[in-house]
Amino acid sequence: MDFSNRKTADSRSHGASAPGGVSCGCETAAPAGTSHGCETAAPAGTSCGCETVAPASASCGCGQKLPGPAPEAGLVLAMATVPMEPWENIYEPAVALRQGTIFPGLDKPFYVTGGGGLV
Amino acid sequence: MSERAKLLKEIQEVGFTMDDLLLYLDTHPLDQDALKAFAQARERRYQLTREYSGRFEPLTLCQVCPDTNNKTGTFTKYPGQKHFTWSDGPLPWDNQGGV
Amino acid sequence: MWTYEKRLQYPVNITKTCPKTASLIISQFGGPDGEMAASMRYLSQRYTMPCKEVAGLLTDIGTEELAHLEIICAMIFQLTKNMNAQDAQTAGFDAYYVDHTAGIWPTAAAGVPFNACEFQSKGDAITDLFEDLAAEQKARSTYENLIRIIPDPEVREPLKYLREREVVHFQRFGEALEKLKTDLDAKNFYYFNAEFDHKR
(Lines give C-alpha, C1' and ligand atoms only; values in the text may rest on other atoms or scores of the structure.)
Protein backbone atom coordinates (compact mmCIF):
# COMPACT_ATOMS: atom_id res chain seq x y z
CA MET A 1 0.00 0.00 0.00
CA ASP A 2 1.30 3.47 -0.82
CA PHE A 3 1.57 5.80 2.10
CA SER A 4 3.77 8.37 0.36
CA ASN A 5 1.94 11.26 1.97
CA ARG A 6 2.74 10.17 5.44
CA LYS A 7 6.10 11.97 5.69
CA THR A 8 4.59 15.35 4.94
CA ALA A 9 2.74 15.52 8.21
CA ASP A 10 1.38 18.87 9.21
CA SER A 11 4.39 20.83 10.42
CA ARG A 12 2.49 22.99 12.89
CA SER A 13 2.08 20.06 15.23
CA HIS A 14 5.78 19.41 15.63
CA GLY A 15 8.90 21.12 16.72
CA ALA A 16 12.30 19.80 15.87
CA SER A 17 12.15 16.09 15.73
CA ALA A 18 14.72 13.44 16.45
CA PRO A 19 15.47 10.66 14.02
CA GLY A 20 13.28 7.76 15.00
CA GLY A 21 10.33 10.13 14.99
CA VAL A 22 10.51 11.30 18.58
CA SER A 23 9.87 14.93 19.15
CA CYS A 24 9.89 16.77 22.40
CA GLY A 25 9.09 20.01 20.62
CA CYS A 26 12.21 21.59 22.04
CA GLU A 27 14.56 23.68 19.99
CA THR A 28 17.22 20.99 20.14
CA ALA A 29 16.83 17.62 18.49
CA ALA A 30 18.09 14.50 20.18
CA PRO A 31 19.36 11.36 18.50
CA ALA A 32 16.83 8.57 18.88
CA GLY A 33 16.82 6.91 22.26
CA THR A 34 19.00 9.42 24.05
CA SER A 35 18.24 12.37 26.21
CA HIS A 36 17.70 15.53 24.28
CA GLY A 37 20.41 17.27 26.27
CA CYS A 38 18.22 20.21 27.11
CA GLU A 39 20.41 21.85 29.67
CA THR A 40 18.47 25.09 29.49
CA ALA A 41 14.74 25.70 29.56
CA ALA A 42 12.94 25.91 26.25
CA PRO A 43 12.71 29.40 24.78
CA ALA A 44 9.77 31.48 25.96
CA GLY A 45 6.53 30.63 24.22
CA THR A 46 7.49 27.08 23.35
CA SER A 47 6.98 24.13 25.53
CA CYS A 48 8.72 20.82 25.39
CA GLY A 49 7.27 19.82 28.72
CA CYS A 50 10.81 20.23 29.98
CA GLU A 51 9.79 21.90 33.18
CA THR A 52 9.65 18.30 34.26
CA VAL A 53 12.01 15.49 33.46
CA ALA A 54 11.71 11.74 33.22
CA PRO A 55 13.22 9.48 35.88
CA ALA A 56 16.90 8.68 35.45
CA SER A 57 16.43 5.98 32.84
CA ALA A 58 15.00 8.46 30.34
CA SER A 59 16.36 11.79 31.42
CA CYS A 60 16.25 15.00 29.50
CA GLY A 61 18.55 16.83 31.87
CA CYS A 62 16.19 19.45 33.33
CA GLY A 63 14.48 19.91 36.70
CA GLN A 64 11.81 17.64 38.23
CA LYS A 65 10.57 14.07 37.64
CA LEU A 66 7.69 12.74 35.52
CA PRO A 67 5.50 10.22 37.31
CA GLY A 68 6.07 7.63 34.57
CA PRO A 69 8.13 6.84 31.47
CA ALA A 70 8.85 9.81 29.23
CA PRO A 71 8.30 9.84 25.50
CA GLU A 72 11.22 8.33 23.64
CA ALA A 73 11.80 6.08 20.66
CA GLY A 74 9.01 3.52 20.79
CA LEU A 75 7.02 5.37 23.49
CA VAL A 76 4.97 8.06 21.85
CA LEU A 77 2.39 10.41 23.36
CA ALA A 78 -1.26 9.46 22.81
CA MET A 79 -0.39 5.88 21.93
CA ALA A 80 0.13 2.65 23.87
CA THR A 81 3.02 0.25 23.37
CA VAL A 82 3.37 -3.43 24.20
CA PRO A 83 6.98 -4.61 23.93
CA MET A 84 7.81 -7.33 21.40
CA GLU A 85 8.37 -10.71 22.99
CA PRO A 86 11.92 -12.02 22.50
CA TRP A 87 12.46 -15.72 21.74
CA GLU A 88 13.30 -17.95 24.70
CA ASN A 89 13.53 -21.69 25.33
CA ILE A 90 10.00 -23.03 25.14
CA TYR A 91 8.26 -25.47 27.47
CA GLU A 92 8.06 -29.16 26.66
CA PRO A 93 4.69 -29.93 25.01
CA ALA A 94 3.13 -31.62 28.06
CA VAL A 95 4.06 -28.72 30.32
CA ALA A 96 2.98 -26.18 27.71
CA LEU A 97 -0.52 -27.60 27.38
CA ARG A 98 -0.93 -27.63 31.17
CA GLN A 99 0.28 -24.05 31.58
CA GLY A 100 -1.60 -22.71 28.53
CA THR A 101 1.43 -21.42 26.65
CA ILE A 102 4.82 -22.62 25.35
CA PHE A 103 6.44 -19.34 26.47
CA PRO A 104 7.66 -19.11 30.08
CA GLY A 105 7.67 -15.31 29.75
CA LEU A 106 3.93 -15.23 29.12
CA ASP A 107 3.08 -17.77 31.83
CA LYS A 108 1.18 -15.49 34.24
CA PRO A 109 -0.87 -17.62 36.65
CA PHE A 110 -3.86 -16.45 38.66
CA TYR A 111 -3.33 -16.73 42.40
CA VAL A 112 -6.29 -19.08 42.88
CA THR A 113 -5.03 -21.70 40.43
CA GLY A 114 -1.29 -21.19 40.16
CA GLY A 115 1.61 -18.95 40.98
CA GLY A 116 3.72 -21.56 42.67
CA GLY A 117 5.65 -22.21 39.50
CA LEU A 118 4.81 -25.08 37.18
CA VAL A 119 1.99 -27.28 38.44
CA MET B 1 -5.47 -44.21 30.38
CA SER B 2 -6.22 -46.20 27.22
CA GLU B 3 -3.75 -46.42 24.32
CA ARG B 4 -6.03 -44.25 22.27
CA ALA B 5 -6.28 -41.61 25.01
CA LYS B 6 -2.51 -41.58 25.51
CA LEU B 7 -1.82 -41.06 21.82
CA LEU B 8 -4.54 -38.44 21.51
CA LYS B 9 -3.05 -36.56 24.46
CA GLU B 10 0.35 -36.45 22.74
CA ILE B 11 -1.34 -35.10 19.62
CA GLN B 12 -3.09 -32.43 21.72
CA GLU B 13 0.24 -31.44 23.23
CA VAL B 14 2.23 -31.15 20.00
CA GLY B 15 -0.80 -29.59 18.27
CA PHE B 16 -0.93 -26.95 20.97
CA THR B 17 2.79 -26.27 20.62
CA MET B 18 2.16 -25.59 16.93
CA ASP B 19 -0.85 -23.38 17.72
CA ASP B 20 1.20 -21.17 20.07
CA LEU B 21 4.16 -21.07 17.65
CA LEU B 22 1.74 -20.08 14.89
CA LEU B 23 0.70 -16.90 16.71
CA TYR B 24 4.32 -16.06 17.60
CA LEU B 25 5.40 -16.51 13.98
CA ASP B 26 2.51 -14.33 12.78
CA THR B 27 4.18 -11.42 14.59
CA HIS B 28 7.81 -12.61 14.32
CA PRO B 29 7.91 -14.06 10.78
CA LEU B 30 11.74 -13.97 10.57
CA ASP B 31 12.53 -15.64 13.90
CA GLN B 32 14.77 -18.56 12.92
CA ASP B 33 14.53 -20.28 16.32
CA ALA B 34 10.76 -20.28 16.10
CA LEU B 35 10.83 -21.57 12.54
CA LYS B 36 13.04 -24.45 13.66
CA ALA B 37 10.77 -25.29 16.59
CA PHE B 38 7.75 -25.16 14.27
CA ALA B 39 9.36 -27.57 11.79
CA GLN B 40 10.20 -30.02 14.57
CA ALA B 41 6.68 -29.88 16.03
CA ARG B 42 5.10 -30.31 12.61
CA GLU B 43 7.22 -33.37 11.86
CA ARG B 44 6.36 -34.96 15.22
CA ARG B 45 2.66 -34.20 14.74
CA TYR B 46 2.72 -35.79 11.30
CA GLN B 47 4.22 -39.01 12.72
CA LEU B 48 1.72 -39.11 15.58
CA THR B 49 -1.35 -38.49 13.43
CA ARG B 50 -0.28 -41.08 10.88
CA GLU B 51 -0.03 -43.63 13.65
CA TYR B 52 -3.28 -42.49 15.24
CA SER B 53 -5.45 -42.57 12.14
CA GLY B 54 -4.18 -46.05 11.28
CA ARG B 55 -4.89 -47.51 14.70
CA PHE B 56 -7.92 -45.38 15.51
CA GLU B 57 -10.24 -42.87 13.84
CA PRO B 58 -9.13 -40.14 11.39
CA LEU B 59 -8.96 -36.67 12.96
CA THR B 60 -9.23 -34.62 9.74
CA LEU B 61 -10.91 -35.18 6.40
CA CYS B 62 -7.50 -35.57 4.74
CA GLN B 63 -6.80 -38.50 7.05
CA VAL B 64 -9.98 -40.34 6.04
CA CYS B 65 -8.91 -43.55 4.32
CA PRO B 66 -11.43 -46.35 4.90
CA ASP B 67 -8.93 -49.01 3.82
CA THR B 68 -6.38 -48.13 6.50
CA ASN B 69 -8.23 -46.22 9.27
CA ASN B 70 -9.15 -47.60 12.67
CA LYS B 71 -7.54 -51.04 12.51
CA THR B 72 -8.46 -51.54 16.16
CA GLY B 73 -12.15 -51.05 15.30
CA THR B 74 -12.55 -48.63 18.22
CA PHE B 75 -15.70 -46.52 18.56
CA THR B 76 -17.26 -47.53 15.26
CA LYS B 77 -20.75 -48.64 14.31
CA TYR B 78 -19.40 -50.79 11.50
CA PRO B 79 -16.54 -52.96 12.76
CA GLY B 80 -15.15 -55.19 10.06
CA GLN B 81 -17.02 -53.43 7.23
CA LYS B 82 -15.54 -50.89 4.86
CA HIS B 83 -17.32 -47.66 5.75
CA PHE B 84 -16.91 -43.90 5.88
CA THR B 85 -14.55 -43.66 8.84
CA TRP B 86 -15.06 -39.94 9.41
CA SER B 87 -17.86 -40.79 11.84
CA ASP B 88 -15.71 -43.22 13.84
CA GLY B 89 -14.47 -42.16 17.24
CA PRO B 90 -16.45 -40.42 19.97
CA LEU B 91 -17.66 -36.87 19.45
CA PRO B 92 -14.92 -34.51 20.67
CA TRP B 93 -17.17 -32.89 23.31
CA ASP B 94 -18.39 -36.16 24.78
CA ASN B 95 -16.20 -37.66 27.47
CA GLN B 96 -17.85 -41.06 27.35
CA GLY B 97 -14.77 -42.20 25.46
CA GLY B 98 -12.39 -41.06 28.21
CA VAL B 99 -10.64 -38.15 26.47
CA MET C 1 -12.00 -21.44 4.65
CA TRP C 2 -12.00 -23.74 7.60
CA THR C 3 -11.05 -27.34 8.17
CA TYR C 4 -12.13 -29.17 11.27
CA GLU C 5 -10.03 -31.37 13.47
CA LYS C 6 -12.03 -33.88 15.50
CA ARG C 7 -10.57 -33.19 18.88
CA LEU C 8 -10.67 -30.47 21.52
CA GLN C 9 -7.68 -28.15 21.79
CA TYR C 10 -7.62 -28.92 25.56
CA PRO C 11 -9.12 -32.03 27.21
CA VAL C 12 -12.42 -31.73 29.07
CA ASN C 13 -13.56 -34.52 31.36
CA ILE C 14 -16.31 -33.48 33.78
CA THR C 15 -17.97 -36.23 35.75
CA LYS C 16 -20.44 -34.34 37.94
CA THR C 17 -23.78 -32.93 36.85
CA CYS C 18 -24.07 -29.26 37.80
CA PRO C 19 -26.49 -26.99 35.93
CA LYS C 20 -25.59 -24.11 38.23
CA THR C 21 -21.99 -24.14 37.03
CA ALA C 22 -23.22 -24.48 33.45
CA SER C 23 -25.39 -21.37 33.88
CA LEU C 24 -22.26 -19.41 34.87
CA ILE C 25 -19.71 -20.61 32.31
CA ILE C 26 -22.22 -20.14 29.48
CA SER C 27 -21.20 -16.48 29.53
CA GLN C 28 -17.92 -17.50 27.97
CA PHE C 29 -19.89 -18.99 25.10
CA GLY C 30 -22.43 -16.30 24.26
CA GLY C 31 -21.65 -13.50 26.67
CA PRO C 32 -20.24 -10.03 25.91
CA ASP C 33 -16.65 -11.03 26.68
CA GLY C 34 -16.98 -14.63 25.58
CA GLU C 35 -15.34 -16.75 22.91
CA MET C 36 -18.06 -16.35 20.28
CA ALA C 37 -17.86 -12.57 20.52
CA ALA C 38 -14.08 -12.77 20.33
CA SER C 39 -14.13 -15.03 17.31
CA MET C 40 -16.69 -12.94 15.41
CA ARG C 41 -14.84 -9.76 16.33
CA TYR C 42 -11.49 -10.86 14.93
CA LEU C 43 -12.90 -12.71 11.92
CA SER C 44 -14.93 -9.62 11.02
CA GLN C 45 -12.12 -7.10 11.48
CA ARG C 46 -9.61 -9.02 9.37
CA TYR C 47 -11.08 -8.24 5.95
CA THR C 48 -10.19 -4.58 5.83
CA MET C 49 -6.92 -4.71 7.77
CA PRO C 50 -4.39 -2.87 5.63
CA CYS C 51 -1.48 -4.97 6.87
CA LYS C 52 -1.54 -8.56 5.59
CA GLU C 53 0.34 -9.97 8.56
CA VAL C 54 -2.13 -8.44 11.01
CA ALA C 55 -5.03 -9.82 8.97
CA GLY C 56 -3.32 -13.20 9.22
CA LEU C 57 -3.03 -12.91 12.99
CA LEU C 58 -6.72 -11.95 13.28
CA THR C 59 -7.65 -15.00 11.21
CA ASP C 60 -5.51 -17.32 13.34
CA ILE C 61 -6.69 -15.99 16.69
CA GLY C 62 -10.31 -15.85 15.46
CA THR C 63 -9.99 -19.50 14.51
CA GLU C 64 -8.50 -20.43 17.87
CA GLU C 65 -11.45 -18.72 19.59
CA LEU C 66 -13.80 -21.06 17.73
CA ALA C 67 -11.83 -23.93 19.28
CA HIS C 68 -12.26 -22.26 22.66
CA LEU C 69 -16.01 -21.87 22.36
CA GLU C 70 -16.05 -25.55 21.54
CA ILE C 71 -14.28 -26.25 24.85
CA ILE C 72 -16.83 -24.14 26.74
CA CYS C 73 -19.72 -25.93 25.04
CA ALA C 74 -18.12 -29.31 25.81
CA MET C 75 -18.05 -28.27 29.47
CA ILE C 76 -21.69 -27.16 29.43
CA PHE C 77 -22.67 -30.37 27.67
CA GLN C 78 -20.89 -32.59 30.20
CA LEU C 79 -22.28 -30.62 33.15
CA THR C 80 -25.87 -31.06 31.96
CA LYS C 81 -26.02 -34.25 29.91
CA ASN C 82 -27.21 -36.37 32.84
CA MET C 83 -29.60 -33.78 34.24
CA ASN C 84 -33.05 -34.80 35.35
CA ALA C 85 -36.06 -32.53 35.76
CA GLN C 86 -35.16 -31.93 39.39
CA ASP C 87 -31.64 -30.75 38.47
CA ALA C 88 -33.05 -28.52 35.75
CA GLN C 89 -34.93 -26.49 38.31
CA THR C 90 -31.68 -25.29 39.87
CA ALA C 91 -31.85 -21.57 40.41
CA GLY C 92 -29.97 -19.77 37.65
CA PHE C 93 -30.49 -22.58 35.17
CA ASP C 94 -34.26 -23.04 35.32
CA ALA C 95 -35.23 -20.14 33.05
CA TYR C 96 -32.71 -21.27 30.41
CA TYR C 97 -34.01 -24.83 30.69
CA VAL C 98 -37.56 -23.68 29.94
CA ASP C 99 -36.49 -22.21 26.60
CA HIS C 100 -33.73 -24.65 25.65
CA THR C 101 -34.08 -27.81 27.77
CA ALA C 102 -30.54 -29.22 27.86
CA GLY C 103 -29.75 -27.74 24.47
CA ILE C 104 -26.82 -25.35 24.09
CA TRP C 105 -27.58 -21.81 22.93
CA PRO C 106 -25.30 -18.78 23.05
CA THR C 107 -26.31 -16.40 25.81
CA ALA C 108 -24.73 -14.50 28.69
CA ALA C 109 -24.99 -15.62 32.31
CA ALA C 110 -27.21 -12.61 32.93
CA GLY C 111 -29.63 -13.77 30.21
CA VAL C 112 -28.75 -11.42 27.34
CA PRO C 113 -28.65 -13.47 24.12
CA PHE C 114 -25.53 -13.34 21.97
CA ASN C 115 -25.68 -10.42 19.57
CA ALA C 116 -23.37 -8.34 17.43
CA CYS C 117 -23.58 -5.38 19.84
CA GLU C 118 -21.16 -7.40 21.96
CA PHE C 119 -18.31 -6.60 19.62
CA GLN C 120 -17.13 -3.86 17.33
CA SER C 121 -15.45 -3.85 13.94
CA LYS C 122 -14.74 -0.17 13.53
CA GLY C 123 -12.91 -0.19 10.22
CA ASP C 124 -9.96 1.69 11.70
CA ALA C 125 -6.88 -0.46 12.17
CA ILE C 126 -5.66 1.20 15.38
CA THR C 127 -9.12 1.35 16.92
CA ASP C 128 -9.83 -2.27 16.10
CA LEU C 129 -6.61 -3.44 17.73
CA PHE C 130 -7.41 -1.53 20.92
CA GLU C 131 -10.85 -3.18 20.84
CA ASP C 132 -9.05 -6.52 20.63
CA LEU C 133 -6.61 -5.73 23.45
CA ALA C 134 -9.55 -4.74 25.64
CA ALA C 135 -11.50 -7.83 24.67
CA GLU C 136 -8.69 -10.13 25.79
CA GLN C 137 -8.48 -8.38 29.16
CA LYS C 138 -12.24 -8.62 29.64
CA ALA C 139 -12.17 -12.31 28.83
CA ARG C 140 -9.30 -12.84 31.27
CA SER C 141 -11.23 -11.07 34.03
CA THR C 142 -14.30 -13.17 33.32
CA TYR C 143 -12.32 -16.40 33.58
CA GLU C 144 -10.85 -15.21 36.86
CA ASN C 145 -14.35 -14.47 38.16
CA LEU C 146 -15.39 -18.01 37.25
CA ILE C 147 -12.27 -19.62 38.73
CA ARG C 148 -12.82 -17.85 42.06
CA ILE C 149 -16.30 -19.27 42.56
CA ILE C 150 -16.04 -22.71 40.96
CA PRO C 151 -13.92 -25.03 43.11
CA ASP C 152 -14.26 -28.27 41.11
CA PRO C 153 -10.83 -29.00 39.54
CA GLU C 154 -12.43 -30.77 36.58
CA VAL C 155 -14.04 -27.44 35.65
CA ARG C 156 -11.20 -25.21 36.85
CA GLU C 157 -8.44 -26.77 34.75
CA PRO C 158 -9.93 -25.88 31.34
CA LEU C 159 -10.90 -22.42 32.68
CA LYS C 160 -7.34 -21.85 33.86
CA TYR C 161 -6.05 -22.88 30.42
CA LEU C 162 -8.48 -20.59 28.61
CA ARG C 163 -7.53 -17.68 30.89
CA GLU C 164 -3.84 -18.06 30.03
CA ARG C 165 -4.68 -18.05 26.30
CA GLU C 166 -6.21 -14.58 26.78
CA VAL C 167 -2.92 -13.32 28.23
CA VAL C 168 -1.04 -14.67 25.21
CA HIS C 169 -3.55 -13.20 22.75
CA PHE C 170 -3.21 -9.80 24.43
CA GLN C 171 0.55 -9.92 23.87
CA ARG C 172 0.09 -10.82 20.17
CA PHE C 173 -2.38 -8.00 19.56
CA GLY C 174 0.09 -5.63 21.22
CA GLU C 175 2.76 -6.85 18.81
CA ALA C 176 0.34 -6.44 15.89
CA LEU C 177 -0.16 -2.83 16.95
CA GLU C 178 3.61 -2.32 16.73
CA LYS C 179 3.54 -3.73 13.20
CA LEU C 180 0.77 -1.30 12.21
CA LYS C 181 2.77 1.59 13.60
CA THR C 182 5.67 0.87 11.25
CA ASP C 183 3.37 1.73 8.36
CA LEU C 184 2.38 5.03 9.96
CA ASP C 185 4.16 8.23 10.89
CA ALA C 186 5.26 8.14 14.54
CA LYS C 187 4.87 11.89 14.70
CA ASN C 188 1.13 11.48 14.22
CA PHE C 189 -0.43 8.01 14.11
CA TYR C 190 -3.85 9.54 13.68
CA TYR C 191 -3.11 11.58 10.60
CA PHE C 192 -5.27 9.25 8.52
CA ASN C 193 -7.20 5.98 8.85
CA ALA C 194 -5.00 3.41 7.15
CA GLU C 195 -8.07 1.34 6.24
CA PHE C 196 -9.92 4.08 4.48
CA ASP C 197 -7.98 7.16 3.54
CA HIS C 198 -5.43 5.45 1.32
CA LYS C 199 -7.07 2.97 -1.01
CA ARG C 200 -5.07 0.17 -2.56
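Scanning segment C:25-34 for residues that are surrounded by fewer than 21 Cβ atoms within 10 Å (Cβ to Cβ) and among the aliphatic types (A, V, I, L, M) yields no hits at all. Of all the criteria given as (1) in a helix (DSSP H, G or I); (2) over 28 Å from C:GLU53 (Cβ atoms), the one not satisfied by B:ALA39 is (2).
Scanning segment B:42-72 for residues that are more than 10 Å from chain C (Cβ to nearest Cβ), part of a loop (DSSP other than H, G, I, E, B) and surrounded by fewer than 18 Cβ atoms within 10 Å (Cβ to Cβ) returns B:VAL64, B:CYS65, B:PRO66, B:ASP67, B:THR68, B:LYS71, B:THR72.
What number of residues within segment A:74-94 are over 14 Å from the mean Cα position of the chain (by Cα) and surrounded by 16 or more Cβ atoms within 10 Å (Cβ to Cβ)? Spell out the reasoning first.
Just the residues of segment A:74-94 that are over 14 Å from the mean Cα position of the chain (by Cα), to begin with: A:85-94.
Subset that is surrounded by 16 or more Cβ atoms within 10 Å (Cβ to Cβ): A:85, A:90-91, A:93.
Residues meeting the conditions: 4.
Looking only at residues of segment C:159-192 that are part of a helix (DSSP H, G or I) and polar (S, T, N, Q), we find that the one that is farthest from the other protein chains (Cβ to nearest Cβ) is C:THR182. Given the structure, is B:PRO66 over 25 Å from C:PHE173 (Cα atoms), at pLDDT 95 or above, of a type outside the set (Gly, Ala, Ser) and in contact with a His (Cβ under 7 Å, 6 or more places away or on another chain)? Considered against the rule, which asks whether it is over 25 Å from C:PHE173 (Cα atoms), at pLDDT 95 or above, of a type outside the set (Gly, Ala, Ser) and in contact with a His (Cβ under 7 Å, 6 or more places away or on another chain), B:PRO66 comes out as yes.
For segment A:69-97, enumerate the residues that are part of a helix (DSSP H, G or I) and more than 8 Å from chain C (Cβ to nearest Cβ).
Result: A:PRO93, A:ALA94, A:VAL95, A:ALA96.
Is segment C:94-103 home to any residue that is among the hydroxyl-bearing types (Ser, Thr, Tyr), free of Cβ contacts under 8 Å to residues at least 40 places away in the same chain and not in a helix (DSSP H, G or I)? Yes - at least one qualifying residue is present in segment C:94-103.
Do we have C:PHE170 as crowded, with 18+ Cβ neighbours inside 10 Å and among the aromatic types (Phe, Trp, Tyr) here? If you could, list the steps in order and put the result at the bottom.
Details: crowded, with 18+ Cβ neighbours inside 10 Å: yes; among the aromatic types (Phe, Trp, Tyr): yes.
Yes, satisfied.
The values are calculated or read from the model by the stated rules, or taken from the named source; none is laboratory data. Bear in mind the structure is a predicted one, so any value in this text is a computation, not a measurement. Neighbour counts run over all protein chains shown; Cβ positions are idealised from the backbone, glycine included.
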